[in-house]
Amino acid sequence: MSLQVEYVSRLTDVLQPVVDYLRQPVDLFAKQHIVVPTAGVKAWLMSEVAKQLGTSGIGKTDGIIANVEIDFPGSLTKFLKPNVSDENDQWLIENLMFHVLDVISTDAQYEDLIKRSGGQLIAARAIADRFDRYHVRRPAMIRLWEQGKPAVSPTAHNPNAKQLNVTDLWQFELWSAVRKRIGQPSPAARKPELSAKTPEQILVVGFQSLSPGQIDALLQLKEHVEIRVVLVHPSPAISKKWAVAASSTAGASATAGASATIGLIPERNPSPVMPTDIDPLVNSWLMGSQELETLLASQDIKSTHAQYVGANSQTAQTLLGRIQNTVSQQLQPTKTAVDPADHSLIIHRCHNLGRQIEVLHDALLHAFNDLKDLQPHEIVVLCPNIATAAPYLEAAFARTVQVDGGAGKTEIVSAGGTQRGVKIPLVVADRGIRQISEGSALLASLIDLVQSRCSIEGVLSVATSPLVLENLGVSSEGVEHWYRYVENANVRWGLTVEHRKLNGLNAPELSAHTWRAGLEQMLLGALVADGTQTFDSLAVDALDDVDLSDIDEISALIRVFDAVLQLSDLATQRHTVEQWCDAIETAIVSLCGETCDDLAMPLKQLSSLRASAAGNTVEVDYSDVATQLNQMLNEVPGRQPLRTGAITATSMIPLR
């Protein structure tokens, strides 16, 4: 078997290797395996390949793609150990977290670590994250730890690993305790256990970089599987220069007595020398590609730069085209006057993010007018912080603007002339679960509310969720009544007197302005006539302007209060993660009802955490579980809106 690595200049160039791979004669029922970096690359690749394979005739683009398994990088370990699935892999980070929790909760030496982290479960998650990165980035070090050697990660330049510093020795000791508890080799130390399901060939495409752990897996698989890796490198010219340097680095290591060993990576130069024949900006842009080439060379992996027939070798003589040519071929820019009519690259400087979005919206209006046949799905908006930009994007693109409907350049006008309303379609992808799921947003609000002072805004934000209102049968008019009742009852904060005490106000004789006192006033107001004096036994006044007909609306608000209060009372004690998941699920189901379809995603997250914690008996604070659930709700979901026909706004990760 073999491992073949080659570079292409752009992502579209990976299509030909994929088509050639899928056209190979294979058994009718044998799956072909392709590994890609992201969900966006997967969606794009499947669509493009289907235009060339399985079509109804020459020149047709109506093909299909079937019996092809397209996986992500983590699948490489699945090929190494096919009998270890995600569900029962105890080294999977979700399961690893609870093994770490078991160890640190019973050892006094980790108390300071737990305090610094803010809780037992929070500390366990942070440590599990660190160990998981070690497995991926430092496989050689983990293999030494498997042998009981507390050493730092050896490198190609220094294969004789040094002992861990005293201050870092606790990591080795904790990892060793976790390893003993799990009783299975860590991912870095697993030996290939091939089965009948192991493919004979694997194609890896679309990556711009590979981690040491991924290279480690490829090197192990190549002994049993034929592997072809097609990486994207935008500059063949700089790749040739770096290949010489990388070979020199590998040669120097060999001279020093270090053979190409799996997992040993070169040390990063903290002060790299910038070559004089390469523009500094181009060099810095492609530094990651240089590190990958050096890493491959240190592992004695040869690579080539392929040029496929049909690849675009002609560069447009525009500003953008000249920049692309500088990166791919020249490496040094050529001073050339910029044509004022050249709009291939335009830079706008704006004073804040909101203004940037407004300028973007106006620029796209002009683009649709100036560029013939431009379609929304052909545009992607990239944002470094999509979570921050999303509200601005949705607000700007939700509005309908009036534009000139006549011939010529479209202008945005406010009045006069022949006008038509225009609304640019846009969807925001790459968002957290809580941003795309109403049920997840409610769960996040409920989790945060229990940890808060329970202000008017906090409680009513949960109570006025569309899912809660539908379950309780409260209309928009009823919501208006809620706000009026709360204002007239002078509710301020705190569920009860005891809840206020937990939040710093120890005044048992002062029950006014709590939610319980306010709700009691509302109930009495609905049951007795206006102007009734204080009920001494209850120490509250009946609220005026409340009728018996309002009792259903008040009862609905009490149901919200009860759900929050029960969870808040539990939050004063410690429970296992399984018990916390049960309590939180009970609270949100009581608010939305058992038949609410929108709870599918948040309940799935709770079930996932509960399954990982199955059998764990360590009791943790509510804040620990709340932090973990919030992290899970902020994660990006597996499915992304990539084919909506609208403009896609996403993060810098290439989803498209």
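Data table
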item	result
Positive-pole candidate from I278, V474, C350, dipole of the chain, charges at beta carbon	I278
With Cα atoms, 0 to 90° folded angle of helix 515-527 axis to the chain main axis	50 degrees
Modelled FRET efficiency - R0 56 Å, K31 with E487, Cβ distances, 0.05 increments	0.30
Value of D in µm² per second that Stokes-Einstein yields for the stretch 171-235, Kirkwood Rh from Cα pairs, at 20 °C (1.002 mPa s)	150 µm²/s
Expected 222 nm ellipticity per residue - DSSP helices of 4 or more, -39500 (n - 2.57), all of the chain, to 500	-14000 deg cm²/dmol
Relative contact order %, the chain, counting alpha carbon pairs below 8 Å whose residues are six or more apart	16 percent
Members of K78/K604; K149/K240; K115/K180; K240/K335 lying beyond 29 Å, as alpha-carbon distances in this model show	K149/K240
Estimated distance in nm for a label pair at M652 and R23, the labels positioned 7 Å out from Cα along Cα-to-Cβ	3.8 nm
Length-normalised contact order of the stretch 93-189 in % [C-alpha pairs under 8 Å, at least 6 apart]	28 percent
Bridge type composition, the chain - antiparallel percent by DSSP, nearest 5	25 percent
The stretch 27-162 - Kirkwood radius from inverse mean 1/r over Cα pairs (Å)	19.0 Å
Derived scalar couplings ³J(HN,Hα) [the stretch 200-208; Karplus, 6.51 cos²θ - 1.76 cosθ + 1.60; whole Hz; x for Gly, Pro]	7, 9, 9, 10, 10, 9, x, 7, 9
Cβ-derived FRET efficiency at R0 41 Å, V359 paired with H305, nearest 0.05	0.60
Label-point separation, D168 to E457 (7 Å along Cα→Cβ), nm	4.5 nm
Estimated FRET transfer efficiency when R0 is 51 angstrom, pair E193-E111 (beta carbons, to 0.05)	0.80
Cα-based helix-to-principal-axis angle, 551-570 vs the chain, degrees rounded to 10	60 degrees
Linear extension gain, S47 paired with L548, 0.36 nm per residue minus alpha-carbon span	174.2 nm
Degrees between helix 600-612 axis and first principal axis of the chain (Cα, 0 to 90, nearest 10)	70 degrees
Average Cα contact separation per residue, the stretch 1-132, under 8 Å, 6 or more apart, as relative contact order %	17 percent
Extension gain, N385 back to E477 (0.36 nm per residue minus Cα-Cα distance, nm)	29.4 nm
Dimensionless Rg ratio for the stretch 500-633, taking C-alpha atoms and the 2.2 N^0.38 Å reference	1.35
Ordering of 576-584, 395-403, 462-470 by burial proxy (mean other Cβ atoms within 10 Å per residue, highest first)	576-584, 462-470, 395-403
Cβ charges +1 (Lys, Arg) and -1 (Asp, Glu), total dipole of the chain, debye	3260 debye
Two-site label geometry, L502 and Q573: point separation in nm, points 7 Å out along Cα→Cβ	1.2 nm
Farthest positive-ward along the chain dipole, Cα basis, beta-carbon charges - from V564, L218, I93	L218
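None of the figures in this text is laboratory data; all of them are computed from the coordinates on show. All values reported here derive from a predicted model rather than from experimental measurement. All Cβ positions, glycine included, derive from the backbone under ideal geometry; neighbour counts span all protein chains shown.
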